[in-house]
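Let me begin by presenting the structure, written as structure tokens, before commenting on it.
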Amino acid sequence: MAATIPVVTPVDPERGPSVFRAVRDHRRPPGELTARVRILLVLCLISCGLAGYQIAIRSLVHRVGVTPTLGLAVVVLGLVAVGLIGWRLAAGRSLDRWCTRNGWSPAAARAAWPWTPQQTPPGAVTVRFAAVKTLRGLSITVGELSWTRDGLGGSVEKPNGDGVFTVVRLPRSYPATAVQRRRTIGRRRAGEDEFLRKFRFIVDEPYFAHQLADPALRAAHLTGRIPRWAIVGDELYMVVASRLPLRPTQMVRATEQALYLLRLLGIRPPDAA
């Protein structure tokens, strides 16, 4: 989040500071073993594929020679590159048509974004596509971006990547608040809070203290129903890492996540007042 946002432990007026106390965990969390097994399987498949590829190349070199084999490899790589470019262009045209049919307008002219103040190197975040629509009285922007050199800070896990972002214009300004996922997660010990083990709060003021202690909000983060998020001024934004082209289904999901988060935070749209 913004480098100017101090880290403050908010106080729940009913439960006291202990509700927000960070707890260090030392037991391996459930599901971690499954994730590691999946990674090992993927690595095995990649290794087998590379081995098969090397065998095929050697066989081809033995049959037709080095030069024809290199030429064929260049042609294949070129076709793959052209196919990927064509796929992305087709996905972009399809998304443009969907946005037009469903009332989304281009937001490419926008220059300032809520994460801009925390960029250390200039140009660390690039918005490739953005569309805006008013839903339930709120202006919601969804789009694609890429970032380098840790341009998004704690909003994402990796310092470089691509993703889908959502920005919601709020009815008014709120104290700077964010929920970030911890980049280093320790093992869990009995009795320790699973939410505090995986996430941390960054706040200016304990304005949302009651909502941040709400079990429904914490469960939504733990189950992946809402991603990490931040409020800067009168805007809330979320970023979800993804290397795939933006699809209409992702735009619908992003808006639903944002509206659900606003309901959990007690932020009511103007038309609900």
>> I need the full set of residues from the range 149-160 which are on the phi < 0 side of the Ramachandran plot and open to solvent by less than 40 Å² (accessible area, probe 1.4 Å), in order please.
In response: G151, L152, G154, S155, V156
> From the residues in the range 148-179 that are under 11 Å from the mean Cα position of the chain (by Cα) and outside any loop (DSSP other than H, G, I, E, B), which one is farthest from R253 (Cα to Cα)?
Replying inline: G154
> Does R243 count as open to solvent by 40 Å² or more (accessible area, probe 1.4 Å) and within 23 Å of D162 (Cα to Cα)?
Replying inline: yes
> So is R263 open to solvent by 20 Å² or more (accessible area, probe 1.4 Å), assigned to a helix (DSSP H, G or I) and without any contact (Cβ under 8 Å) to a residue 12 or more places away in the chain or not?
Replying inline: yes
> If we scan the range 115-123, do we find a residue that is assigned to a loop (DSSP other than H, G, I, E, B) and surrounded by 13 or more Cβ atoms within 10 Å (Cβ to Cβ)?
Replying inline: yes
> So how many residues does the range 93-102 have that are in contact with a Lys or Arg (Cβ under 9 Å, 6 or more places away or on another chain) and either at pLDDT below 90 or under 19 Å from E235 (Cα atoms) (or both)?
Replying inline: 4
> Limited to the range 246-260, what total is found for residues that are open to solvent by 40 Å² or more (accessible area, probe 1.4 Å) and not in a helix (DSSP H, G or I)?
Replying inline: 1
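The values are calculated or read from the model by the stated rules, or taken from the named source; none is laboratory data. Note that the coordinates shown come from a computational prediction; the quantities given were computed from them, not determined experimentally. So basically every Cβ, Gly included, is an ideal-geometry build from the backbone, and we count neighbours across all protein chains shown. Ligands, DNA and RNA are excluded from the accessible area calculation, which covers all protein heavy atoms including side chains. Shrake-Rupley method; radii C 1.70, N 1.55, O 1.52, S 1.80 Å.
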